[in-house]
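First comes the structure, then the notes that go with it.
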Amino acid sequence: MHISLHDIYKQFGDKMAVDGVSFEVQSGRLFGLLGPNGAGKTTLIRMLMDILQPDSGRILYDGRPLDVQLKDRITYLPEERGLYLKQKVRHVIEYFARLKGLSKSDARARMEWYLGKLEMSAAADQKVEELSKGNQQKIQLISVFVSAPDLVILDEPFSGLDPLNVRLCKSLLAEEKERGTTILLSTHQMSQVEELCDDLMMISQGVRVLYGPVREIIHQHSEPAVLITCRPALTNGLEGVERIVDHNSRQKVFLREGVKPSEFLGRLVRQGHEIEDFTRALYSLEEIFVHVAREANLLAAKDRDLAQQARGDLAQQAREVTL
Amino acid sequence: MSKLLLVARREYMATVKRKGFLIATFGMPLILGALLGFMAVIGFFTARSVQQSSRVVAIVDQAQILKPEAREEVTRSSGTQGLEEVLEQIPSFLRGVVEQQIDQVAQAPELRLMDSPEAARDDPSVDAYYVIPQDFLQEARVELYSRTSGVFDQDRPAWITLQRWIRASLLFGVLDDNTSRLMWSPLPLQAHSFGPQGQSEEEDSDLFKQVKGFVVPYLFTIIFFMAVMSSSGYLLQGVAEEKENRVIEILLSSVTSNELLAGKVLGQCGAGLTQIAVWLLIAFIPAVSLLPFLEFRPVQFITAPIYFILGFLLFGTLMGAFGSLGNNVKESQQWAMVWSFAAVSPFFAIAILMQQPNGTLAQVLSFIPLTSPLTVVLRTSMTQVPAWEIIVSLLILLLSLFLVVRLSAKLFRVGILLYGKRPSLGEIFRWMRAA
């Protein structure tokens with residue numbers, strides 16, 4: 001399912017929670033919604049789920065606004081877990097599935113399949129509160145996928161899972177994506193997005209700061225440099241090279257503007273260098289985020305300073321007028 | 001199955017499986033039954049021990065004024081026979097309880113004339129004795145001597161009888177039979193009420209019959225109060241729990257807030273009706289034997305259930321909406337208090353309602369939707385309520401139910417996503433306009 005958001009604004013009191021955000025999620029892709037706590041991710045998701053209404057802006061699903069039929073094809077895993085603690089696992093899953101329009105028999109059959117898939121069949125007749133946090137989280141994930149949705153919105157789906165279960169759940173996401181399900185994953189863990197997502201949007205203080213395919217963003221924001229291990233080692237003064245520094249056991253080569261890494265590699269091979277290891281020196285999303293966020297903060301701070309200065313000037317003028 | 005029904009069914013199942021609900025549903029009749037049984041047993045033994053001890057109160061008439069014929073006259077017309085007839089109507093398992101309350105019947109001691117204070121004092125069966133001194137006609141004073149202290153209450157019936165006996169003796173032979181009968185028997189009272197058009201209607205003056213009519217509204221009040229309290233309490237608790245553990249967000253991604261609220265209210269209403277049905281079934285046998293003892297007006301069979309269900313829906317909806325406002329169950333329950341109090345408030349004015357069941361207060365309370373369910377049912381059991389008042393009251397109730405459902409749905413939609421500090425009424429109002 002394709003989603004598009006156009007110019008979404010949402011204000012709570014004096015706080016602008018979402019400040020003119022637009023983005024699209026392509027059908028069948030795994031889309032990462034990134035941002036620090038309080039950036040506006042959950043507000044965006046709640047507007048996507050029609051739990052909140054935007055102050056202005058449009059949200060379209062396959063080109064039309066959300067309606068009852070569409071709602072049945074979308075499921076949602078909220079950040080803070082939502083399960084009936086005092087009920088049996090199978091009753092909770094069945095209830096959520098049937099609320100999405102599944103018949104009783106479909107709901108049961110699909111539930112059994114997912115319970116088996118996530119190794120939870122034995123827990124089906126236990127009460128939710130008797131399960132460990134990680135297992136509750138698995139039940140939550142099952143209740144999201146059990147209704148065979150076209151779009152799944154997951155808010156921090158891996159929190160509380162041990163590494164083994166994280167792996168299990170990641171493979172579940174991959175399978176569901178294979179099946180054509182569009183997945184929107186909201187998280188503040190950048191490494192997960194880097195590993196899992198095709199596209200991403202990063203939001204900070206209600207404003208979109210990064211948006212696009214994950215690979216492209218990383219390449220765009222990384223330094224124009226390659227990491228290389230070769231014999232003989234490189235020396236300064238090579239054509240197309242800005243400078244060379246030692247980087248752990250490797251050499252980090254900063255290329256001049258306009259020089260493509262593949263061109264540079266070809267040149268080295270032709271010159272008879274024996275290349276053991278050659279890779280683009282990419283930043284992690286985390287580094288990119290820190291960089292981008294710092295810039296945004298600097299901008300904000302600059303705004304503040306300017307505003308303060310302006311106020312000071314006005315006060316000065318006012319004093320002069322009274323004198 | 002529609003989503004609304006799915007929500008209603010889950011709400012119903014979750015409620016009837018609650019421990020608190022099961023305890024209330026099955027425990028309440030048991031506790032009430034045990035209490036009644038206990039009282040009956042106590043009453044039975046009290047009555048028997050009184051019979052066995054056959055307490056005697058002696059009278060030493062030194063003034064020589066008591067006339068045995070006068071006593072017969074007083075006893076014959078004192079009206080206790082009426083009371084005994086009434087007692088005959090009471091189902092046997094309850095009679096002990098009632099008799100215990102009516103001590104004049106069960107505990108009236110035997111009055112025995114004796115010659116001297118010494119004789120009375122020496123007779124172990126005599127608990128107490130009255131002395132009418134020789135100078136009684138001048139001093140108008142009677143003295144009481146009793147074996148134990150604190151005897152005053154127990155011997156009040158004896159004292160009342162003795163006073164009447166003395167007066168009857170003084171008047172004996174002075175009055176003719178007819179005057180004497182008027183003097184000593186209770187006077188029947190026939191009460192009438194007159195409306196503004198001057199039409200008059202006979203009313204039951206018999207206090208006992210009024211009490212019989214009162215039993216129905218009283219029971220209704222208790223059932224209504226308990227059902228509204230428990231089931232809307234569960235509704236509120238359920239909403240607050242879902243909000244606390246964020247299930248609400250998953251639900252709202254599948255159903256609209258209107259469907260959710262309506263489903264919940266319906267489910268709870270069903271659970272409440274189930275509870276009442278169980279109570280009625282368990283109480284069936286005692287209830288059947290009570291029937292001749294109770295008095296119904298046919299209109300009650302129509303009005304009571306209608307008001308019951310409407311009141312249920314009204315308060316359930318309110319509780320659901322206000323349950324969504326708190327951060328947790330405890331906070332939400334504070335809101336519940338407000339509406340529970342409103343629901344039973346007519347009960348606090350019951351003295352006025354009984355005195356003037358068609359008075360201004362009664363009319364006003366019948367037109368206020370929060371108080372009308374109880375008020376109208378109380379009134380119909382006490383008097384003939386004009387049909388137009390019932391119709392107007394029902395129309396107001398239906399209209400306000402319609403409004404309350406719409407406003408509550410808005411409030412609910414706003415409230416369920418509200419976390420953090422408690423909103424002021426002004427803020428709630430603003431959000432509801434925006435929602």
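The values are calculated or read from the model by the stated rules, or taken from the named source; none is laboratory data. Predicted, not measured: the structure shown is a model, and the values here were computed from it. Here the Cβ positions follow ideal geometry from the backbone for every residue, glycine too, while neighbour counts run over all protein chains shown.
With respect to B:S257, determine if the residue is in contact with a Lys or Arg (Cβ under 6 Å, 6 or more places away or on another chain) and modelled with pLDDT of 75 or more.
yes
If B:R406 meets every condition in (1) modelled with pLDDT of 80 or more; (2) surrounded by 20 or more Cβ atoms within 10 Å (Cβ to Cβ); (3) more than 30 Å from B:I350 (Cβ to Cβ) apart from one, which number is that one?
(2)
I want to confirm something. Restricting to the stretch B:411-427 and keeping residues that are at pLDDT below 70 and in contact with a Leu (Cβ under 9 Å, 6 or more places away or on another chain), which single residue is nearest to the other protein chains (Cβ to nearest Cβ)?
Going through the qualifying residues, I end up with B:L417.
Considering only the stretch B:220-259, state which residues are within 19 Å of A:V68 (Cβ to Cβ) and within 10 Å of chain A (Cβ to nearest Cβ).
B:I248, B:E249, B:I250, B:L251, B:L252, B:S253, B:S254, B:V255, B:T256, B:S257, B:E259
Could you tell me whether the stretch B:343-361 includes any residue that is crowded, with 16+ Cβ neighbours inside 10 Å, in contact with a strand residue (DSSP E or B) (Cβ under 9 Å, 6 or more places away or on another chain) and not in a helix (DSSP H, G or I)?
The answer is yes, given that some residue of the stretch B:343-361 is crowded, with 16+ Cβ neighbours inside 10 Å, in contact with a strand residue (DSSP E or B) (Cβ under 9 Å, 6 or more places away or on another chain) and not in a helix (DSSP H, G or I).
Being in contact with a strand residue (DSSP E or B) (Cβ under 8 Å, 6 or more places away or on another chain) and in contact (Cβ under 8 Å) with a residue 12 or more places away in the chain is the requirement here; does A:I203 meet it?
Spelling it out, A:I203 is indeed in contact with a strand residue (DSSP E or B) (Cβ under 8 Å, 6 or more places away or on another chain) and in contact (Cβ under 8 Å) with a residue 12 or more places away in the chain.
Take the residues in the stretch B:14-29 that are without any contact (Cβ under 8 Å) to a residue 12 or more places away in the chain and of a type in the set (A, V, I, L, M); name whichever of them is farthest from the other protein chains (Cβ to nearest Cβ).
Looking at residues that are without any contact (Cβ under 8 Å) to a residue 12 or more places away in the chain and of a type in the set (A, V, I, L, M), I get B:I23.
If the requirement is being away from chain B (no Cβ under 11 Å), surrounded by fewer than 18 Cβ atoms within 10 Å (Cβ to Cβ) and either aliphatic (A, V, I, L, M) or free of Cβ contacts under 8 Å to residues at least 24 places away in the same chain (or both), which of these qualifies: A:D14, A:D19?
Checking each option against the conditions leaves just A:D14.
With (1) in a strand (DSSP E or B); (2) surrounded by fewer than 21 Cβ atoms within 10 Å (Cβ to Cβ) as the list, and A:M202 as the residue in question, which single condition is left unmet?
Condition (2) is where A:M202 drops out.
In this structure, does B:A262 turn out to be among the small types (G, A, S) and either modelled with pLDDT of 80 or more or buried (at least 19 other Cβ atoms within 10 Å of the Cβ) (or both)?
yes
Pick from the stretch A:150-172 the residues that are part of a helix (DSSP H, G or I) and of a type in the set (D, E, K, R): which of them is nearest to A:M47 (Cα to Cα)?
Selected residue: A:K170.
Of all residues in the stretch A:210-255, which are at pLDDT below 80 and part of a strand (DSSP E or B)?
none
Which of the residues belonging to the stretch A:166-180 are touching an Asp or Glu at 6+ places or on another chain (Cβ under 9 Å) and closer than 20 Å to A:E79 by Cα?
A:L168, A:K170
Condition check ((1) surrounded by fewer than 18 Cβ atoms within 10 Å (Cβ to Cβ); (2) over 14 Å from the mean Cα position of the chain (by Cα); (3) among the β-branched types (V, I, T)) across all residues:
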| residue | (1), (2), (3) |
| --- | --- |
| A:V152 | no, no, yes |
| A:P157 | no, no, no |
| A:D162 | yes, yes, no |
| A:E176 | no, yes, no |
| A:Q189 | yes, no, no |
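When the residues of the stretch A:258-293 are filtered to those that are outside any helix (DSSP H, G or I), aliphatic (A, V, I, L, M) and farther than 16 Å from A:R215 by Cα, which remaining residue is modelled with the highest pLDDT?
A:I275
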